[in-house]
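Working notes for the structure below.
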Amino acid sequence: MADDDCLFCRILAGEVPADVVRETGLSLAFRDITPQAPTHVLVIPRRHVANLAELAEYPGELADAVSLARSVAEEERHDGTAVADEGYRLVANTGSRAHQTVFHAHLHLLGGRDLGWPPG
Ligand code: 5GP
Ligand code: ZN
């Protein structure tokens, strides 16, 4: 199931270090190495699938990832306010034109600043 060539599988295996924020039996949340906002956490399923659309074949794991993102948003605080209360964004870049660079499904949780819309 794990893909030896996949960066996020290597993080899950403990072969590549990551700043883990929270985890469940099905999902892992860790800080993005190049944060684009005060909170920028990646939430990934432990299962190796290429993108969120493929993760939809495993509804329990998809729900777990979204629920873990919610928990992180409730815990992350900036100036005393939880990201969940201020508003945050969950993004799943899918495919190269949408700037997906790691082909293991992941949600970007972005918060802690005003987020523009539409994204660039
Ligand atoms: P994508 O572009 O595929 O939507 O998102 C991949 C994300 O993974 C990028 O935001 C990138 O900064 C992050 N990333 C790439 N390599 C590493 C790494 O080794 N560790 C961590 N924590 N994040 C990484
Ligand atoms: Zn993987």
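The values are calculated or read from the model by the stated rules, or taken from the named source; none is laboratory data. Note that the structure is a prediction, hence the values are computed from the model and not measured. Glycine gets a Cβ as well: all are built from the backbone with ideal geometry, and neighbour counts include every protein chain shown. Heads up: the accessible areas ignore ligands, DNA and RNA and are worked out on the full protein's heavy atoms, side chains in. Shrake-Rupley method; radii C 1.70, N 1.55, O 1.52, S 1.80 Å.
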* Within the stretch 18-32, how many residues are touching a residue at least 12 places away in the same chain (Cβ under 8 Å), farther than 17 Å from residue 61 by Cα and of a type in the set (A, V, I, L, M)? -> 2
* Asked: Does residue 30 fit the bill of being open to solvent by less than 50 Å² (accessible area, probe 1.4 Å), at negative phi and either more than 16 Å from ligand 1 (Cβ to nearest atom) or outside any helix (DSSP H, G or I) (or both)?
  -> yes
* Identify all residues within the stretch 14-27 that are touching an Asp or Glu at 6+ places or on another chain (Cβ under 7 Å), in a loop (DSSP other than H, G, I, E, B) and surrounded by 17 or more Cβ atoms within 10 Å (Cβ to Cβ); write none if there are none. => 26
* When you look at residue 59, is it open to solvent by 70 Å² or more (accessible area, probe 1.4 Å), touching a residue at least 60 places away in the same chain (Cβ under 8 Å) and more than 12 Å from ligand 1 (Cβ to nearest atom), yes or no? -> no
* Of residues in the stretch 1-13 being open to solvent by 60 Å² or more (accessible area, probe 1.4 Å) and assigned to a loop (DSSP other than H, G, I, E, B), the one nearest to ligand 2 (Cβ to nearest atom) -> 2
